[in-house]
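The values are calculated or read from the model by the stated rules, or taken from the named source; none is laboratory data. This is a predicted model, so every value here is computed, not measured. Cβ placement follows ideal geometry from the backbone for every residue including glycine, while neighbour counts extend to all protein chains displayed. Side chains included, ligands, DNA and RNA excluded: accessible areas come from the protein's heavy atoms. Shrake-Rupley method; radii C 1.70, N 1.55, O 1.52, S 1.80 Å.
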Amino acid sequence: MTNFDINKFETPYFIVDESLLQQNLEILADVKKQAGCKILLAQKAFSMFDTYPLIGEYLDGTCASGLHEALLANDYFDGENHIFSPAYTEKDMPEILRVCDHLVFNSFNQWERFRGMVAGKSCGIRINPEFSTQDTAIYDPCSPQSRLGVTRANFRPDLLEGISGLHFHTLCQQGAEELVATLTAAEEKFGEFFHQMDWLNFGGGHHITKEGYNIPLLVETVKKTKEKYNVEIYLEPGEAVALDAGFLVAEVVDIIDNDGKIAILDTSAACHMPDVLEMPYRPHIIGSGKAGEKPHTYRIGGPSCLAGDIIGDYSFQRPLEVGNRLVFTDMAIYSMVKTNTFNGMKLPDLALRRLDGSLELVKTFGYEDFKMRLS
């Protein structure tokens, strides 16, 4: 169920419920306290900076995947500013050094190239333990010929002077059990260097706020690692911060029949929730069931020209009609940050349900947002 009037704003729009966001943050803050670690917001998953003041009350900082995310954190988040990129450029480095306090390098080539510029910064190397814990290749940094992280065969102990941390990020929406298995593999390959470090970063992909996640195991793992190597531990989840805290509200604009009922919405999988096609996965619609589970089944699709702009097959208790509004759940993470304007598609507006229950439209989009990307 939603805690807000779905008819309040024009569709399509994303809305984040700050009370649900706060519930996640309280869980993460408790993990921090129990484990004695630091937790960063991975902005690649969630970058709605209107919520940064709230998030900043609970987390220690942010991690960025490039200059623009780092600048956003510098502008709106009061905390540590970490960055990792598969490859930094000369033109971006001066601004990165201005705003970031922790830099993680993806190769020793990059470290050698920029080490003379990073005085006063805490620098790390991303390692690749070559240990896969997932089946979706596009999200597996340990897949064969991965470009992410230094393998043991390419590790350069002779270049560790000036390196104060090691970073690995191999998980994607996974549990503490997968972290333990990955950490074991990382220790087997790189453990001899852990004692030389000030910090270890276990990356993101930790589904800490998902029901059933083994928090005691995570806490135990972090504490043991801290004590064993005398290091600070960082976690940088994105999805766990805003899990189940956001919604996408869309409207039915037409219903057609082609060997079954098809409902066309004013929101697009290709443009507004591309992970539906990339992952792929089937997002939940409030009040719906799987195809055939309820009396009336529809294929739900978007308004773009892409034939595969299909969100999925859903069933409903009553027939859909033009003008009905549908609410997709868990739309805060990896949706807003991935939207695009293919076909000149209007981006969904952004709204918040504040902690006091008030609804606020914080940003609207239109033609100018499409035009400004072109010439």
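Angle between the Cα long axis of helix 67-76 and the longest principal axis of the chain, 0 to 90 degrees, nearest 10?
The angle comes out at about 80 degrees.
What three numbers, in Å, describe the spread of the alpha carbons of region 67-149 along their principal axes, ordered from the longest?
Ordered largest first, region 67-149 gives principal extents of 38, 30, 20 Å.
Could you work out the pair-distance distribution P(r) of region 45-108 from its alpha-carbon pairs, with 10 angstrom bin width and percents rounded to whole numbers?
Pair shares across the bins are 22, 54, 21, 3.
Taking the Kirkwood radius as the inverse of the mean 1/r across Cα pairs, report the Rg/Rh of region 247-375.
Working: Rg = 15.2 Å, Rh = 15.5 Å.
With Rg and the Kirkwood Rh in hand, the quotient comes to 0.98.
Can you tell which of Cys63, Cys123, Cys305 shows the greatest fluctuation in a Gaussian network model of the chain with Cα springs below 10 Å?
For the chain, modelled as a Gaussian network with Cα springs under 10 Å, the answer is Cys305.
Considering amide H positions built from the backbone, and no H for Pro or chain starts, which residues 5 or more places from His296, or on another chain, come under 5 Å of its amide H?
Phe316
Please work out the ratio of the alpha-carbon Rg of the chain to 2.2 N^0.38 Å and round it to two decimals.
Numbers: Rg = 22.0 Å, N = 375, 2.2 N^0.38 = 20.9 Å.
So the Cα radius of gyration is 1.05 times the expected 2.2 N^0.38 Å.
In region 149-222, with Lys and Arg counted as +1 and Asp and Glu as -1 at Cβ, which of these residues, Phe194, Val219, Leu166, has the Cα nearest the positive end of the dipole, that is, farthest along it?
With unit charges placed on the Cβ atoms, the residue in question is Leu166.
Compute the semi-axes of the equivalent ellipsoid of region 11-75, taking the square root of 5 times each eigenvalue of the Cα gyration tensor, and list them largest first in whole Å.
On the way: eigenvalues 85, 60, 15 Å².
Its equivalent ellipsoid spans semi-axes of 21, 17, 9 Å.
Given N residues in region 227-312, what is Rg(Cα) / (2.2 N^0.38 Å)?
So the Cα radius of gyration is 1.53 times the expected 2.2 N^0.38 Å.
Sort out for me the Cα centre separation of region 210-253 from region 287-308, rounded to whole Å.
31 Å
Which three extents, in angstrom, do the Cα atoms of region 126-219 have along their principal axes, listed largest first?
44, 29, 19
Compute the accessible area per residue over the chain, keeping the other protein chains in place, probe 1.4 Å, unit Å². Kindly include the intermediate steps, with their values, before the conclusion.
Values: 16840 Å² over 375 residues.
On a per-residue basis, 45 Å².
Once amide H atoms are built 1.01 Å from N in the peptide plane, which residues 5 or more positions from Gly204, or in another chain, come under 5 Å H to H?
Amide H neighbours of Gly204: Thr170, Leu171, Glu236.
Only Lys, Arg, Asp and Glu count, each charged at its Cβ (+1, +1, -1, -1), so figure out the dipole size of the chain about its Cα centre, rounded to 20 debye.
Numbers: 34 positive and 53 negative charges, 90 e Å.
The dipole magnitude comes to about 420 debye.
Full-extension gain between Ala119 and Leu54, please, as 0.36 nm times their residue separation minus the C-alpha to C-alpha distance. Spell out each step's value before the answer.
Details: separation 65, 0.36 × 65 = 23.40 nm, distance 3.20 nm.
Computed gain between Ala119 and Leu54 is 20.2 nm.
Carbon and sulfur: what percent of the chain's accessible surface (1.4 Å probe)? Walk me through the intermediate numbers first.
Details: 8050 of 16840 Å².
After summing per-atom areas, the C and S share lands at 48 percent.
For a quick check, take a GNM of the chain with Cα springs below 10 Å and name the residue from Leu159, Leu352, Leu72 with the largest mean-square fluctuation.
Leu159
For region 1-45, what are the per-bin percents of Cα-Cα distances with bins 5 Å wide, up to the bin holding the maximum?
5, 16, 19, 20, 13, 13, 8, 5, 3
From the phi of every residue in region 91-98, what ³J(HN,Hα) in whole Hz does the Karplus formula 6.51 cos²θ - 1.76 cosθ + 1.60 yield, where θ is phi - 60° and glycine or proline is x?
Couplings: 5, 8, 4, x, 6, 4, 5, 5 Hz.
Rg/Rh for region 171-263: what does it come to with C-alpha atoms and Rh from Kirkwood? Mind dumping the intermediate values first?
Working: Rg = 20.3 Å, Rh = 16.0 Å.
Reported Rg/Rh (Cα atoms, Kirkwood Rh): 1.27.
Report the normalised scattering of region 216-269 as log10 I(q)/I(0) at q = 0.16, 0.25, 0.28 Å⁻¹, calculated by the Debye formula with identical scatterers on the alpha carbons.
Values returned for q = 0.16, 0.25, 0.28 Å⁻¹ are -0.69, -1.00, -1.07.
Using only protein heavy atoms and a 1.4 Å probe, report how much of Thr341 is accessible, in Å² to the nearest 10.
Number for this one is 10 Å².
If the viscosity is 0.890 mPa s and the temperature 25 °C, what Stokes-Einstein diffusion coefficient in µm²/s follows for region 300-354 when Rh is the Kirkwood radius over Cα pairs? Numbers along the way, then the final one.
On the way: Rh = 13.8 Å.
Once the numbers are plugged in, D ends up at 177 µm²/s.
So what's region 1-138 giving for Rg/Rh, alpha carbon basis, Kirkwood Rh from the mean inverse pair distance?
Numbers: Rg = 17.9 Å, Rh = 17.2 Å.
Answer for region 1-138: 1.04.
Using just the Cα positions, wrap region 269-320 in a convex hull and report its mean projected area in square nanometres, one decimal place.
Values: hull surface 14.5 nm².
Mean projected area of the Cα convex hull: 3.6 nm².
When the C-alpha atoms of region 108-179 are aligned to their principal axes, what extent does each axis show, in angstrom, from largest down?
The principal-axis extents, from largest down, are 40, 24, 19 Å.
What range in the chain is the longest one free of GluC sites (Glu not before Pro) that are in a loop by DSSP and have at most 14 other Cβ atoms within 10 angstrom?
212-292
Compute the helix-to-body angle for 215-229: its Cα long axis versus the longest principal axis of the chain, expressed 0 to 90° and rounded to tens.
On a 0 to 90 degree scale, this one is about 20.
Rg (Å, one decimal) plus Dmax (Å, integer) for the alpha carbons of region 40-80?
8.7, 24
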